[in-house]
Amino acid sequence: MSHRAPVDRSVLDPPLDVGLVLAVTDEDTMRALETDLRLAAHLRALSRVALATGHDIRTPLHTMILYLELLRNTIAEPPGQDTRARQERYVEVVGSEIRNLEIMLEQLLNQTRVAEDRIERFDLVETVRDLHEFLEPHRRKGKIEFPWRAAGEAIPIEGDRGSIRHALVAILIAAIEATPQGRELNLGITAADGQARIAITGASADLVPAILGGTQGEPPKPRALGADRGLYVARRVVERHGGTIKVRSDASRVATLELQLPLAAAENG
């Protein structure tokens, strides 16, 4: 188990009238600071997604209430084959909605769990697929289309699964929120030349400076918005894993983001 150096929160968040420059040279302390900032940015991003997810959770709950009421009404009916068939159908609908509710809650809980930092081999396609499903309520709230495509086989990479997942959540949320209503945001994942490549196209050109953090890639100011911090940390996570993020816009101010990560080495045997 890894041990992180304790971080004094008063140093990270000084009073408004105090100027402070913090120089850190110890590698363990730098990693601890980056991890704390990444988790804070991730939870801040999830707070925006949770509103849409909460709205979606009401749908199965309302359906369950309706069908339980229909089921209760059949109790007073004389027994018969038709009554029995309707009761079974109502129970089946309630069971289906409970399973849908369980899936939505599990997706939300999976994103809030804090895993121990560790390097592992995992399938990037599966991770992106899970995040695409998780962000479906947020996509609907923004009233955009969000199709995605992937190769038919797994794309293995090696790294800290938790930090990469957090980075992708920050980037995907930013892309969704930078896409005008009624537009389409395309997500694709491929592998070639030793690299896994994630392409996101359709957001407005405002995504370009948000991802790059300025022309020199500087970190955001200490009191910058959480989304800016989250994107800066996401870029740091990708670069720490040997990857790159490139983003550009065309004449119509449509942004294209390309994220690359090294493929995992082939397994022996």
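The values are calculated or read from the model by the stated rules, or taken from the named source; none is laboratory data. Values in this document were obtained by computation on a predicted structure and should not be read as measured data. Cβ: placed from backbone, ideal geometry, glycine included. Neighbour counts: every protein chain shown.
Take Val125 and tell me if it is at pLDDT 85 or above, closer than 30 Å to Arg240 by Cβ and not polar (S, T, N, Q). I'd like the intermediate steps shown before the answer.
Working: at pLDDT 85 or above: yes; closer than 30 Å to Arg240 by Cβ: yes; not polar (S, T, N, Q): yes.
Taking the combined requirement at face value, the residue satisfies it.
If only residues of the range 124-156 that are among the basic types (Lys, Arg) and in contact with a strand residue (DSSP E or B) (Cβ under 9 Å, 6 or more places away or on another chain) are counted, the one that is farthest from Leu261 (Cα to Cα) is Arg139. Scanning the range 236-268 for residues that are part of a strand (DSSP E or B) and in contact with a Gly (Cβ under 7 Å, 6 or more places away or on another chain) yields Val254, Leu259, Gln260, Leu261, Pro262, Leu263.
On the stretch given as the range 212-260, residues that are at pLDDT 70 or above, in contact with a strand residue (DSSP E or B) (Cβ under 7 Å, 6 or more places away or on another chain) and at negative phi total 17. Kindly provide the set of residues from the range 138-158 that are crowded, with 20+ Cβ neighbours inside 10 Å and touching a Phe, Trp or Tyr at 6+ places or on another chain (Cβ under 8 Å), ordered by number. Scanning the range 138-158 gives a single hit, Ile157. Restricting the range 164-188 to residues that are closer than 17 Å to Ser249 by Cβ and assigned to a loop (DSSP other than H, G, I, E, B), the residue that is modelled with the highest pLDDT is Leu185.
Per the listing Arg139, Arg161, Arg99, the residue uniquely in contact (Cβ under 8 Å) with a residue 24 or more places away in the chain and out of contact with any Leu (no Cβ under 9 Å at 6 or more places or on another chain) is Arg161. Contact annotation: no residue pair with Cβ atoms under 6 Å, 6 or more positions apart or on different chains, pairs a residue in the range 73-92 that is more than 22 Å from Pro60 (Cα to Cα) with a partner that is exposed (fewer than 11 other Cβ atoms within 10 Å of the Cβ) and at pLDDT 85 or above. Residues of the range 89-118 that are at pLDDT 85 or above and either touching a Phe, Trp or Tyr at 6+ places or on another chain (Cβ under 6 Å) or not in a helix (DSSP H, G or I) (or both): Tyr90, Val93, Val94.
Candidates are the residues of the range 62-88 that are under 37 Å from the mean Cα position of the chain (by Cα) and exposed (fewer than 13 other Cβ atoms within 10 Å of the Cβ); the one that is modelled with the lowest pLDDT is His62. Of all residues in the range 165-190, which are farther than 16 Å from Ile200 by Cα and buried (at least 23 other Cβ atoms within 10 Å of the Cβ)? His166 - this is the single residue of the range 165-190 that is farther than 16 Å from Ile200 by Cα and buried (at least 23 other Cβ atoms within 10 Å of the Cβ).
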